[in-house]
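Notes to accompany the following structure.
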Amino acid sequence: MPLRAAEFRECLQSAGFEVTAMSASNCLSAAWGEKLTETQADARKWSELLRMELEACREPGCLDMGTYLIAVARKRGQE
């Protein structure tokens, strides 16, 4: 069963990890289909889409919108 961002964070913290960053993947472009291929053909548009995707995927309100969740964490006491 997929976890929501808050559940994923809680799972990592319960396992003794300190979460330093979280991100979603593909929260803007997941449903673009052929439009994504068209956008990739234009370097300026592609660069702007990537910038917007990176920014949106880090927003707490967008974490549950992406295809996957990505977390950066370290084991507590492992400095």
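Computed from the coordinates by the stated procedures, all read-outs in this text should not be read as laboratory data. If you're wondering where the values come from, they're calculated on a predicted model, not measured in any experiment. As a convention, Cβ positions derive from the backbone with ideal geometry for all residues, glycine included, and neighbour counts pool all protein chains shown.
I'd like the orientation of helix 5-14 relative to the chain: the angle between its Cα long axis and the longest Cα principal axis, in ° from 0 to 90, rounded to 10. Relative to the chain, helix 5-14 is tipped by roughly 30 degrees.
3J(HN,Hα) couplings calculated from phi for region 45-61 with the Karplus curve 6.51 cos²θ - 1.76 cosθ + 1.60 (θ = phi - 60°) are, in sequence order, 5, 5, 4, 5, 4, 4, 4, 5, 4, 4, 5, 5, 5, 8, 5, x, x Hz; Gly and Pro show x. Phi-derived couplings, Karplus 6.51 cos²θ - 1.76 cosθ + 1.60 at θ = phi - 60°, listed residue by residue for region 18-34: 9, 7, 9, 7, 9, 8, 9, 10, 6, 6, 9, 9, 4, 9, 6, x, 4 Hz, with x used for Gly and Pro. Rg over Rh for region 5-75 works out to 1.10, using Cα positions for both radii and the Kirkwood form for Rh. Footprinting exposure proxy ranking of Arg9, Arg76, fewest other C-beta atoms within 10 angstrom first, gives Arg76, Arg9.
Remark: the chain carries a charge dipole of roughly 220 debye about the Cα centre, counting +1 on each Lys and Arg Cβ and -1 on each Asp and Glu Cβ.
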